[in-house]
Amino acid sequence: QKDDRILDELKSSRNSQTLMLGNCWIQSLSVPHNVISHVLSEDGIFAESMSKLRRLDLSHNYITEIPPSISLLTNLRELWLQGNPIIRLIPEMQSLKKLEVLDIRNTKIEELPLELGMLDNLFEVDWKNTPMAKNYEINYGIPVNDIVKLKEYLITSNTRKTIELTMYDFLLREHFVYDADKPHIRSSVRKLVTKISSSFDNLDDLKQYGRKVGKLLPGKMDDVVDNTVQKSINDFYQMRRDTDRQRLAADVDIKLRGMYYDRIERTEVTALLDSIYKHVESLEDIQFLVKYAPQVLPAEPNKANGSIIWKNILTLQEELTQQRETAVQGLANAMTQLYPEQLTEDVKKKAIEIASSFQLERFATKKELTRMTQLTAECSKIFPPDFASVDREEIIRKAQVVIFSKG
């Protein structure tokens, strides 16, 4: 009788693209000769119609695991698994590219496969009353059913996992190839990769490190000691800074020649560059020099040296910092007129928060100051009547529509 109902539902699903198998006493999707197992197999009698299925309801059964054949349901939009003693989901579900809704309430699932972060269309996951709810809240700070934070975690973690696997494979198969016959080499490489990965918060840095790992680590595992990883990371950042410095040196050279063209000899350019680097040490300040060369380089080459250029840089940075502070204070003053009942420090704090949305560089830019001037001038049109409703994202969105798009 149970199988008869299932077959009826299967026949109905051919046209409806919806398969409702809730409360069907299904214990497994993988047992040989099981009706559902046959349906989900590549040569199953309903295989073609199953590939077109959009909604699958398997709720309130006795299913403990999902078979890899679930990946055949490539058009599936909704998957309802609530009320089953399922322990885990499987990485093969990353093939469900069109999946939008996943319901796993009241299951025994503790963690999701990181690969689910690759499902771009997934916008709703319900994991209330699962071990996963407590696990994710405590260990990852993800509130129950917060899909935004969940996907951010899955995507970030899956990216890190991919980088780690790539690094592990390279080290094991190529870098430590002469150690291949040594006992426990796989676990040693795995521990090494884990230690390296845990040292990077920034995934872009980890990825770049991985590309250079062959140059950063010793060629034999026996030479890997306690401080090897930290030394390799220090070397990595130094290599990157050296590369950036070389690139910026070329940019500074171009700026000097553009500024002084036929008024300076090649040997004088080299000497001037050496003088500049003795005073302008950080990459950030060299980048600043490149961007603001006309303002910080003296008009005449015979008056240019590292000391003067450095003083000019500091002076301009101070001016831009002051301009930024003046712009923020201007916005705060305008907001104070709108909300006279509020404490001045509260208004200033909110003004600083809103202004930070325009501060995309270390120092104030022309675009930033222009935007701040426009926002201050139209403050009464952009800000809500009550101070409690002031929301930075909403202010920026409305300013974009009302003010900035017209410019």
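The values are calculated or read from the model by the stated rules, or taken from the named source; none is laboratory data. Source: prediction; values computed, not measured. So basically every Cβ, Gly included, is an ideal-geometry build from the backbone, and we count neighbours across all protein chains shown. For the accessible areas, the whole protein counts, side chains as well, though only heavy atoms, and no ligand, DNA or RNA atoms are used. Shrake-Rupley method; radii C 1.70, N 1.55, O 1.52, S 1.80 Å.
Numbers at a glance
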item: Which numbered condition residue 244 fails, given (1) under 20 Å from residue 307 (Cβ atoms); (2) of a type in the set (D, E, K, R); (3) assigned to a helix (DSSP H, G or I); result: (1)
item: Residue among 209, 136, 168 that alone is open to solvent by less than 90 Å² (accessible area, probe 1.4 Å), under 17 Å from residue 88 (Cβ atoms) and modelled with pLDDT of 95 or more; result: 136
item: Matching residues, region 171-202, being exposed (fewer than 15 other Cβ atoms within 10 Å of the Cβ) and part of a helix (DSSP H, G or I); result: 173, 174, 177, 178, 186, 187, 191, 194, 195, 198
item: Residue that is part of a helix (DSSP H, G or I) and polar (S, T, N, Q), where the choices are 139, 75, 61; result: 139
item: Selection count where residues are in a loop (DSSP other than H, G, I, E, B), acidic (Asp, Glu) and open to solvent by less than 50 Å² (accessible area, probe 1.4 Å), scope region 83-116; result: 0
item: Residue 327 being more than 30 Å from residue 283 (Cβ to Cβ), in a helix (DSSP H, G or I) and touching a Leu at 6+ places or on another chain (Cβ under 9 Å); result: no
item: Cβ-Cβ under 6 Å pairs, at least 6 apart or on other chains, region 340-357 side acidic (Asp, Glu), far side open to solvent by 70 Å² or more (accessible area, probe 1.4 Å) and part of a helix (DSSP H, G or I); result: 353/392
item: Matching residues in region 273-295 - criterion: being more than 31 Å from the chain's Cα centre (by Cα) and under 12 Å from residue 249 (Cα atoms); result: 273, 274, 276, 277, 280
item: Checklist (1) touching a residue at least 40 places away in the same chain (Cβ under 8 Å); (2) buried (at least 16 other Cβ atoms within 10 Å of the Cβ) applied to residue 321, failing item; result: (2)
item: Residue in region 226-233 that is more than 30 Å from residue 174 (Cα to Cα), surrounded by fewer than 17 Cβ atoms within 10 Å (Cβ to Cβ) and out of contact with any Pro (no Cβ under 9 Å at 6 or more places or on another chain) present; result: no
